[in-house]
1. Counting only protein heavy atoms and using a 1.4 Å probe, what share of the accessible area of the stretch 123-166 belongs to carbon plus sulfur, as a whole percent?
2. Over the alpha carbons of the stretch 71-227, what is the largest minus smallest coordinate on each principal axis, giving the biggest first in Å?
3. Can you work out the Karplus-derived ³J(HN,Hα) for every residue in the stretch 130-138? Use 6.51 cos²θ - 1.76 cosθ + 1.60 with θ = phi - 60°, whole Hz, and x for glycine or proline.
4. Any idea of residue 319's accessible area? Nearest 10 Å², probe 1.4 Å.
5. Can you pull the accessible area of residue 117 for me, 1.4 Å probe, Å² to the nearest 10?
6. Of the listed pairs 311/348; 175/267; 311/365; 262/313; 262/293, which have alpha-carbon separations greater than 26 Å here?
7. Could you sort out which of 76/109; 201/298; 75/276 sit more than 18 Å apart by Cα distance in this structure?
Amino acid sequence: MKKKSISDAFEITHCMLLIAALVGFVSLCVCQAGCQITTEGIKILETEENLEIQSIAVLSEKSLEVQFNKEVRVKKANVSKLDSSEKASIDALAENATSANGILSEDAKTVVYEFSESTEIGERYQLFSEIEDSRGNSLTFAIPFEGYNDRVPILIITELQGASGDKTTKGVKTKRCEYIVLRALTAGNLAGIELYSARYKGLSDYHFPAIEVKAGEHIMIHLRTYEGQDFTEELADDLSLDKNNDESWDTIRDLYYDNGEKCVSEKYDIILLRNKATAKIMDALLYTLENQKESYSKLSAAESLAIDEGKWKNGGEESDPIVLQKALTATTTSLQRTNSEELFSLAKKGELTQEEIVTAKDEWKTGLTLYNAKRKSIY
């Protein structure tokens, strides 16, 4: 099977190119020289003769790699730490910049930028650089990135509920939202982790906080918030802080995506867990309703990526997702992993790496959601 990139699944226009690289599936926005930088996406400040960025990867706390479509040389480069401002100018950032040295590959199409100072886990930075090709055509750009996380835990997806709805108890209506549960099989930091939905681009906009998690811990990402909702994100050791009705369990870390839109499906979807810095898929979940297989087939780019990177067993079939008989529901049905404890046991003994995690449809079942009081769970 020919390997495809995630960007194959989206329409490419002259003003936006989705790149499977550094900060999720980021936008490459072409604009005039001197335009404002935002902390979201690469900004091309000036370009000539189709000199383009092909891919980006953070290599360490002191280096970042950029691949180009032509042989290049680096004219200048520096790194700045970004604050919360989304309209900082190039000049303003340059005042606080530290130097970066661009080292060319043998074919001169790849540049490894080495920073004079180390970056910090989860902090936001910007690489600013000007390069040119052998004919003197130049490209000036700014790339936002997160400080390298060398303590990423082994992570798996353990549960997904893809529907929102209301529950009425004794005349009181309570909102239910979509959620994804992850499990940390080893201790580490969540900075630089990304979730991706093949159907809803908005899921990739969620940014995990740079927090420490313990081995065995479950992390519930609530994928929608509502007006007037009272919730508390649990960013330290106390997992009992959140009191959002019965949506919160004291044995699960609760994180919230401040989002009002749907970003996963109750009918068919492909969910990828990904390390943004390395662009590697960590885990995958593929599912569809029996009567939605034709629609699911349109997600073939993401499916091929999950299978080709060895994260989903295809059972000898070209396409072998979990097949649901009924759609997932906000109050009664979620998808649940059945071998979480087995994988955790292997990880505790040092007998499992992230690369060795491969998921198959027979390792999943449907069951009561975490919103159902009858749920008996390892959580």
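The values are calculated or read from the model by the stated rules, or taken from the named source; none is laboratory data. Values in this document were obtained by computation on a predicted structure and should not be read as measured data. Just the protein is used for accessible areas: all its heavy atoms, side chains included, with ligands, DNA and RNA removed. Shrake-Rupley method; radii C 1.70, N 1.55, O 1.52, S 1.80 Å.
1. The nonpolar share, carbon plus sulfur, comes to 33 percent.
2. The Cα atoms of the stretch 71-227 stretch 72, 34, 30 Å along their principal axes.
3. 10, 10, 8, 8, 5, 9, x, 5, 10
4. Ignoring ligands and nucleic acids, residue 319 comes out at about 60 Å².
5. 110 Å²
6. 262/313
7. Working: 76/109 16 Å; 201/298 15 Å; 75/276 27 Å.
Pairs exceeding 18 Å: 75/276.
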